[in-house]
Amino acid sequence: MIRNMLVSAAVAATMMVTGVAKAEMAFKPLKEDPKEIAFGIISTESTSNLKVQWLPFLEDMEETLGMKVNAFFAPDYAGVIEAMRFGKVHVAWFGNKSGMEAVDRSGGEVFVQTSKADGNQGYYSHIITHADNDKINKLEDIFKCDKSLNFGIGDPNSTSGFLVPSYYVFAQNNVDPKKCFKTVRNANHETNLMATANKQVDIAANNSEQISRTKLKQPASAEKIKVIWTSPLIPSDPMVYRKDMSKELKSKIKAFFLGYGRLGDVAGARKVLAGISDGMGLFMESNNTQLYPIRQLALFKDKLKIQKNAQIGDADKKEMLSKINAKLADLAILAANK
């Protein structure tokens, strides 16, 4: 039977103090393969909703691997990243930004990528507002920056809810959300969408997956929001496991993912996948190179912030930008040859 572990706020806070605040510390190595797999699930929605989506999949994973698979939930993305860093999570579903953090800080390794039922391997970030709001119809309408609007942004480790809008919407338009809006609130995709539909925030970051899922599950709420901005295509989510598990166990896990919906009870597996997010398709081969565009995006965002920061001296600014440009050049070569 699947056992669910919900990380308390106190434990998450402890992880933040001992982990994120000391990001230079190496991840805690595994002494041996785990006897049970802890599967981390990022908090894109409420835990109750995520359980409904993921537990049938984890039950099939448990049966195929022949070992217990426990669902691990945390109140924010950082909780899953840090749990992997300390060996409390062995496999996890991440977005690209949180997956990048898991690879860099938590001994993670991308091994497969999600897809849609039609084979599409991407999704979009959106800025949304209430459907009845006739004063906001395009991105420029939110840039009056008179502190009259309440803005809902995503988890700081979310790709579509935070990184992508931070760069494309705000950094490229030289707008600081904290100086522009009355309030800026961090929340998951589901909460931000419902807050917009219920007029608790004026605008919010969201994504195409959450909007599609809401149309299926709560169509009345979906009808209350409208999209005013759409990002470039974002690569589909990575699945990440601890790279220091044995090759044998990693191979078994990867084989399960790549075989799921292709081998055995194909119809049953595809029905389970269809119930995850807005309808998940088969898992596709992937590796850490899928994170290159996200790394470039994060560096471009940092570069813009440094260029526009008048408090940084010219010499320091030149040195900082030189380091970022060197990293971007390396990434460009790697991306071209992946």
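Annotations for the structure displayed:
- If the condition is being under 14 Å from residue 182 (Cβ atoms) and either outside the structural domain of residue 168 (by TED's automatic domain parsing) or part of a helix (DSSP H, G or I) (or both), then the stretch 137-146 contributes only 142.
- First in the stretch 217-246 and within 20 Å of residue 193 (Cβ to Cβ), second anywhere and among the aliphatic types (A, V, I, L, M) and surrounded by 18 or more Cβ atoms within 10 Å (Cβ to Cβ), Cβ under 6 Å, 6 or more apart: 221/197; 224/197; 225/128; 225/197; 227/128; 228/127; 229/127; 231/164
- Some residue of the stretch 266-277 being among the aliphatic types (A, V, I, L, M) and surrounded by fewer than 14 Cβ atoms within 10 Å (Cβ to Cβ): yes
- Yes/no for residue 251 being exposed (fewer than 15 other Cβ atoms within 10 Å of the Cβ), hydroxyl-bearing (Ser, Thr, Tyr) and modelled with pLDDT of 95 or more: yes
- Boolean, residue 268 is over 23 Å from residue 42 (Cα atoms) and among the small types (Gly, Ala, Ser): yes
- Among strands (runs of 3 or more DSSP E) entirely within the stretch 190-272, having at least 1 residues that are of a type in the set (Ser, Thr, Tyr) singles out 225-230, 238-242.
- A residue that is touching a Ser or Thr at 6+ places or on another chain (Cβ under 7 Å), modelled with pLDDT of 95 or more, more than 24 Å from residue 47 (Cα to Cα) and among the acidic types (Asp, Glu) can be found somewhere in the stretch 200-208.
- Selection of the stretch 151-188 for residues being assigned to a strand (DSSP E or B) and buried (at least 18 other Cβ atoms within 10 Å of the Cβ) yields 151, 152, 153.
- Of the set (1) crowded, with 20+ Cβ neighbours inside 10 Å; (2) of a type outside the set (A, V, I, L, M, F, W, C); (3) farther than 16 Å from residue 78 by Cβ, all apply to residue 120 but (1).
- Considering only residues in the stretch 111-136 that are among the aliphatic types (A, V, I, L, M) and assigned to a loop (DSSP other than H, G, I, E, B), the one that is farthest from residue 211 (Cα to Cα) turns out to be 136.
- Matching option when the condition is touching a helix residue (DSSP H, G or I) at 6+ places or on another chain (Cβ under 8 Å) and at pLDDT 95 or above, among 7, 52, 103, 20: 103
- Of the residues making up the stretch 273-301, those that are of a type in the set (Gly, Ala, Ser), in a helix (DSSP H, G or I) and closer than 19 Å to residue 334 by Cα number 1.
The values are calculated or read from the model by the stated rules, or taken from the named source; none is laboratory data. Everything numeric here is computed off the predicted structure, so don't read it as measured data. Virtual Cβ from ideal backbone geometry, glycine too; neighbours counted across all protein chains shown.
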